[in-house]
Every structure is written in C-alpha cells, then in structure tokens.
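Trainee: Got a structure here, written out as structure tokens. Questions coming.
The values are calculated or read from the model by the stated rules, or taken from the named source; none is laboratory data. This one's a predicted model, so the numbers in the text were calculated from it and none came from an experiment. Positions of Cβ are backbone-derived with ideal geometry, glycine not excepted, and every protein chain shown enters the neighbour counts. The area values use the complete protein model at the heavy-atom level, side chains included, leaving out ligands, DNA and RNA. Shrake-Rupley method; radii C 1.70, N 1.55, O 1.52, S 1.80 Å.
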Amino acid sequence: MNKLFKLKEWLTLEETSRRLTTSFQEAVSVADCLQLALDGHIKISVLIEKSKFGIRCKEEIIGSELLYGFVEFMKDTGKFSEEMIKTAENGLKSHANQKEIVQYGDVFKVSHGVYDLPMMGAERLDVLHLCSMLQGREPATLINMDGPLLHCGDGFINIIEPFDHNDIEYKTNEHGKISLFDKKNGRFINEKNHSSVFYPADGLGNVEFVFRRLNIEAFEKSQIENDQNDLNISLNGSLEIIGAIIYSIKNTPTKSKRWTQDALKAEMIENRKSLKPREIDDYFAQSNKVYKTDS
C-alpha cells in the first residue's frame, strides 16, 4: 500500500484506518480516525460529488464599539457605582476577540472535489454523528445555525440550500452574465438578498468523508516527533544501538542465523552490558515506526 499511498491524493476512511494501523503498529479503526479528527489531531476532508450551493464567508472579530461607548457613558454620567462599571469592563474584556462567520459575495455552485473541513460549523456534527454510530452510541440531535463550512483558500465556503428549488432558476442578467434568479420575487439573487431565498444547510448531506494524503503524513510526522520528545532518544544512543547491532551480527558463531528482533536484542544485551531491554525496545519501536511511515 505504501507505493500506492504516495500516488493517491486522498484516502477513504477504511484506507486511512489501514494506513494508520500499519504506521502505529496498533489497531486503528475508522471510528478512531473520526475521533482523532474531532479532537483536532488530524485534518479530515470531504469528497463532494453532487453539486451544492455555497457562499463565501470569513471569520471576523465581533465589533465592540457599541459596548465601549456604553462603558464610557456609564463613567461620564456619574450615576453608576464603581462596582457596576468594573463589571461592565470585565464583560467587555470577555467579549473581546470573539468571532463570527460573515458571508460575502454571490451564491455559486460548489465545484466537485475534495475540501478540508474546519470543524467549526455543522460539518463537525456530521462527523460526530458518524463517529457515534460506529462506536455503537446513539447519536445526539444537535443543530448548528451557521450550517456546514468548507475550507477554501484563506476563508470558507458556507453550504446553503434554497427554501424551494422551484423558486430559483438561471437567467442572463443585463450584463450578459448567467446568474441565479428569484422567480418568486422577480429579481436576481445577490449578496444582499440571498437570505430571503437560501438558508444555511442542516449538514453536508450525501457526501463521503476522506483524508488527504498530505494531512495523513503531517499527522504521522507530528506523532513521531511527539514520541521522540517523550522518549530519551539521542544521536549518541542511536549510534550505540547501531554499533551493538553490527557487532552482534559480525560476531555471531552461526553466520546463516536468521535474526529475529528478540534474538538480536538478547545478543546485544549480552555483548553490551550498558544497554537495557526497555531502552532497546524504545529504539526499535521508533525505528520501525519511522521506517514504515516513510516507506
């Protein structure tokens, strides 16, 4: 699978499960993959094959000008106690840097393809629903009013749906451009009036969750780096292990011996008293993980 893995841009949930099982040398289920995505360890994506409506959006810090003005008004009037003013100022601090999703631009048809999921909107609930089912739990009924989001460049695409498909059609506008037309209200749909025709979708609908190869590789690399930080692995320690392996192989009385990892470890401990079984196991485990991940 390693050669094929390098050629693929994305993997199915089942393929990702098998890949991570091989990489980490322990069973990783599809539910585990989804849980890792929900916990923010690996980025999950979605394959969109059926066309959907979308509108571009971005995160913006919620404006606090009105709240600042009110606090100043409280101070200027002299009618509010210091305690009330302090409470208002603390509330203003907690409000700072809060973000909201702001839509902009015209409604368009989302192109077929693979999109990364930011896990901020209703798309997170879709992943959570599938994960709950695979783990044998009753999925909770949850709603996200922003609808599902897809990563797109520096911003996002908000998946939206028309209240009634029969109320919209494509027509040529005065500039000769084909645009969405609101038949019910007799006007072209734009960023100012689209909310009267479209609403944020409840979820992604009939799609397939996948994992991009690049995101899988980034996750594997991060775990190897974490393991290296957790283990006391050093260059000198690695060289000592390699030296012990070479010595054991060169000095074995049976040249045709077929080495197993346990047999090699026993021989290394016999020849190099400073090496401990747990230390060798740690180096072997990390070496196997790096080899299988990069191959």
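Trainee: Angle between the Cα long axis of helix 13-24 and the longest principal axis of the chain, 0 to 90 degrees, nearest 10?
Mentor: 40 degrees
Trainee: Still on this model: What's the longest uninterrupted piece of the chain once you rule out the GluC sites (Glu not before Pro) that are loop residues per DSSP with at most 13 other Cβ within 10 Å?
Mentor: Formally, the longest exposed-site-free interval is 50-173.
Trainee: Would you rank Arg278, Arg213, Arg56 by solvent-accessible area, highest first, keeping every protein chain in place and using a 1.4 Å probe?
Mentor: The ordering from most to least exposed comes out as Arg278, Arg56, Arg213.
Trainee: Using a Förster radius of 45 Å, what is the FRET efficiency between Glu89 and Ser222 based on their Cβ-Cβ separation? Nearest 0.05, please.
Mentor: 0.65
Trainee: Might you tell me the accessible area per residue for the chain, computed with a 1.4 Å probe and given in Å²?
Mentor: In whole numbers, the chain has 62 Å² accessible per residue.
Trainee: Then there's this: Tilt of helix 82-95 relative to the longest C-alpha principal axis of the chain, in degrees (0 to 90, nearest 10)?
Mentor: The answer is roughly 70 degrees.
Trainee: A further question on this structure: Rounded to the nearest 500, what is the 222 nm mean residue ellipticity of the chain from helices alone, with -39500 (n - 2.57) per DSSP H run of 4+ residues and division by all residues?
Mentor: -14000 deg cm²/dmol
Trainee: On to the next question. log₁₀ I(q)/I(0) of region 1-53 at q = 0.18, 0.23, 0.27, 0.31 Å⁻¹, via Debye over equal Cα point scatterers, no solvent, to two decimals?
Mentor: The Debye formula, applied to the Cα set alone, gives -0.66, -0.96, -1.15, -1.27.
Trainee: Given Cα pairs under 8 Å that are at least 6 residues apart, what percent is the relative contact order of the chain?
Mentor: 23 percent
Trainee: With each label point set 7 Å from Cα along the Cα-Cβ vector, what nm distance links Asp154 and Met133?
Mentor: Placing both labels 7 Å beyond Cα along the Cβ direction yields 3.8 nm.
Trainee: Using a 1.4 Å probe over the heavy atoms of the protein chains, calculate the carbon and sulfur portion of the accessible area of the chain as a whole percent. Please list the in-between numbers first.
Mentor: Numbers: 9320 of 18290 Å².
Summing carbon and sulfur atoms, their accessible area is 51 percent of the total for the chain.
Trainee: Right, something else. What nm distance separates the two modelled labels at Lys183 and Asp164, each placed 7 Å from Cα along Cα→Cβ?
Mentor: 1.0 nm
Trainee: I need the chymotrypsin sites (Phe, Trp or Tyr not before Pro) found in region 121-209, filtered to DSSP loop residues with at most 14 other beta carbons within 10 Å of theirs.
Mentor: Phe163
Trainee: Heavy atoms of the protein only, probe of 1.4 Å, neighbouring chains included. What is the accessible area of Cys57 in Å², nearest 10?
Mentor: 0 Å²
Trainee: By the scheme Lys and Arg +1, Asp and Glu -1, what is the net charge of all other residues having a beta-carbon under 11 Å from that of Gly54?
Mentor: Once all neighbours under 11 Å are counted, the net charge is +1.
Trainee: Also, quick follow-up: How do Met268, Met145, Met84 stack up against each other in accessible area, from largest to smallest, with a 1.4 angstrom probe?
Mentor: Sorted descending by solvent-accessible area, the residues read Met145, Met84, Met268.
Trainee: Once all Cα-Cα distances of the chain are split into 5 Å bins that start at 0, what whole-number percent is in each one?
Mentor: Pair shares across the bins are 1, 4, 9, 10, 10, 10, 9, 9, 8, 7, 6, 5, 4, 3, 2, 2, 1, 0, 0, 0.
Trainee: Could I ask something else about it? Arrange the residues Asp154, Asp282, Asp106 by how much accessible surface each exposes, largest first, with a 1.4 angstrom probe.
Mentor: Asp154, Asp106, Asp282
Trainee: Can you figure out the FRET efficiency of Leu7 with Ile249, using R₀ = 25 Å and their beta-carbon distance, to the nearest 0.05?
Mentor: Numbers: r = 35 Å, r/R0 = 1.41.
That gives a FRET efficiency of 0.10.
Trainee: Sticking with this structure for a sec: Within region 19-57, find all residues whose amide N lies under 16 Å from a label point positioned 7 Å from the Cα of Glu100 along Cα-to-beta-carbon.
Mentor: Residues 57 fall inside that zone.
Trainee: With a cut-off of at most 10 other beta carbons within 10 Å, and DSSP calling the residue loop, which trypsin sites (Lys or Arg not before Pro) in region 143-196 qualify? Please list them.
Mentor: Here the trypsin sites (Lys or Arg not before Pro) that fit, given the DSSP loop and packing criteria, are Lys177, Lys192.
Trainee: With every protein chain present, what accessible area does Leu7 have (1.4 Å probe, heavy atoms only), rounded to the nearest 10 Å²?
Mentor: Solvent-accessible area, nearest 10 Å²: 140 Å².
Trainee: Now, a different point. Calculate how steeply helix 277-294 sits against the longest principal axis of the alpha-carbon atoms of the chain, using the helix alpha-carbon long axis, and give the answer as 0 to 90 degrees to the nearest 10.
Mentor: 50 degrees
Trainee: Give me the accessible area of His41, 1.4 Å probe, in Å² rounded to the nearest 10.
Mentor: Approximately 100 Å² of His41 is accessible to the 1.4 Å probe.
Trainee: Further question: Multiply the residue separation of Asn271 and Asn190 by 0.36 nm, subtract the distance between their alpha-carbon atoms, and state the gained length in nm to one decimal.
Mentor: 21.4 nm
Trainee: Additional query: For region 120-171, build the convex hull from the C-alpha positions and give me its volume per residue in Å³.
Mentor: Numbers: hull volume 6.9 nm³, N = 52.
For region 120-171, the hull spanned by Cα atoms encloses 132 Å³ per residue.
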